[in-house]
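The values are calculated or read from the model by the stated rules, or taken from the named source; none is laboratory data. Nothing here was measured: the structure is a model prediction, and the numbers come from that model. Reconstructed Cβ throughout: ideal geometry from the backbone, glycine too, with neighbour counts over all protein chains shown. Only protein heavy atoms, including side chains, enter the accessible area calculation; ligands, DNA and RNA are left aside. Shrake-Rupley method; radii C 1.70, N 1.55, O 1.52, S 1.80 Å.
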Amino acid sequence: GNSVTQMEGPVTLSEEAFLTINCTYTATGYPSLFWYVQYPGEGLQLLLKATKADDKGSNKGFEATYRKETTSFHLEKGSVQVSDSAVYFCALTGTASKLTFGTGTRLQVTL
Amino acid sequence: NAGVTQTPKFRILKIGQSMTLQCTQDMNHNYMYWYRQDPGMGLKLIYYSVGAGITDKGEVPNGYNVSRSTTEDFPLRLELAAPSQTSVYFCASRGNFIQGGNQPQHFGDGTRLSIL
């Protein structure tokens, strides 16, 4: 079956530091890949997506590239802010567009 | 545009009680989903629906039931609440494939449920 593996958190960074959150996946076929973000006390919000190999999703300074050869979809941001503190989930689609999620990575950004 | 609306936001139940978590969406989405999120874990799919009158089990359906009598509503029922069902429950919906391929899921704000 499909699976998503994310790096364990928490990840603690100083403001303006570079962020990488690793995500690798196992899937049959050609899934779409997503990053969702969850702020405290809220539901999940789509951050970015990529639907085919070599696509780069980007939003709010975050980027991730769909790498089929390494089955990866790592999330990056060049300069994080305190407001980026949240839990980030990598996910992929399967049949009936069911999402398979990673366990989430908590990011804490300090001044 | 309200998106996906879940009620209630919080609830405490006693063991053995029953309740229904409500979920409604106003985007005319065919696909709807129920997930649970346990502390430090990702989301696990409980049930999903690909359209009115059609439901199917996800990864963790035991102890739950759903119905989909309309496109808008997808309630989740707990018949005999157990402590293991203490969790945060999220409802989500997704547009039809014909509307643009792999569309993302839109999530509600969640229902925090405690079984004591």
request  = Just flag the chymotrypsin sites (Phe, Trp or Tyr not before Pro) in segment A:9-111 sitting in loop per DSSP whose Cβ has no more than 12 other Cβ atoms within 10 Å.
outcome  = A:Phe18
inquiry  = Loop only by DSSP, 15 or fewer other Cβ within 10 Å of the Cβ. Give me the trypsin sites (Lys or Arg not before Pro) in segment A:13-108 that pass, ordered by residue number.
reply    = A:Lys52, A:Lys60, A:Lys68
Per residue convex hull volume, Cα atoms of the protein assembly as shown, in Å³ = 123
query = Among A:Leu111, A:Pro40, A:Ser79, which residue has its Cα positioned farthest towards the positive end of the charge dipole of segment A:2-111, with +1 placed on the Cβ of Lys and Arg, -1 on the Cβ of Asp and Glu, and the dipole taken about the Cα centre?
reply = A:Pro40
note = In chain A the accessible area split gives carbon plus sulfur, as whole percent at 1.4 Å, a share of 48
ask   = Between A:Thr5 and A:Ser58, what length comes free when the chain is fully extended (0.36 nm per residue of separation minus the Cα-Cα distance, one decimal in nm)?
value = 17.0 nm
inquiry  = Suppose R0 equals 30 Å. What FRET efficiency, 1/(1 + (r/R0)^6) with r the Cβ-Cβ distance, do B:Ser18 and A:Thr12 give to the nearest 0.05?
reply    = 0.10
request  = May I ask for the longest run of chain B untouched by trypsin sites (Lys or Arg not before Pro) that are loop-located per DSSP and have at most 12 neighbouring C-beta atoms (other than their own) within 10 Å?
outcome  = B:15-116
query = When the convex hull of the C-alpha atoms of chain A is computed, what volume per residue in Å³ does it have?
reply = 93
query = Do any GluC sites (Glu not before Pro) in segment A:23-71 lie in a DSSP loop with no more than 11 other beta carbon atoms within 10 Å, and if so, which?
reply = A:Glu69
key: Dipole magnitude (debye, nearest 20) for chain B, charges at Cβ of Lys, Arg, Asp, Glu   = 260
Under 26 Å from the Cα of B:Lys9 - lysines, other chains or at least 8 residues apart = A:Lys98, B:Lys44, B:Lys57
remark   = Expressed in angstrom and rounded, the centroid-to-centroid distance over alpha carbons for segment B:40-105 and segment A:4-32 is 25
key: Stokes-Einstein diffusion coefficient of chain B, Kirkwood radius over Cα pairs, 37 °C, 0.692 mPa s, in µm²/s   = 231
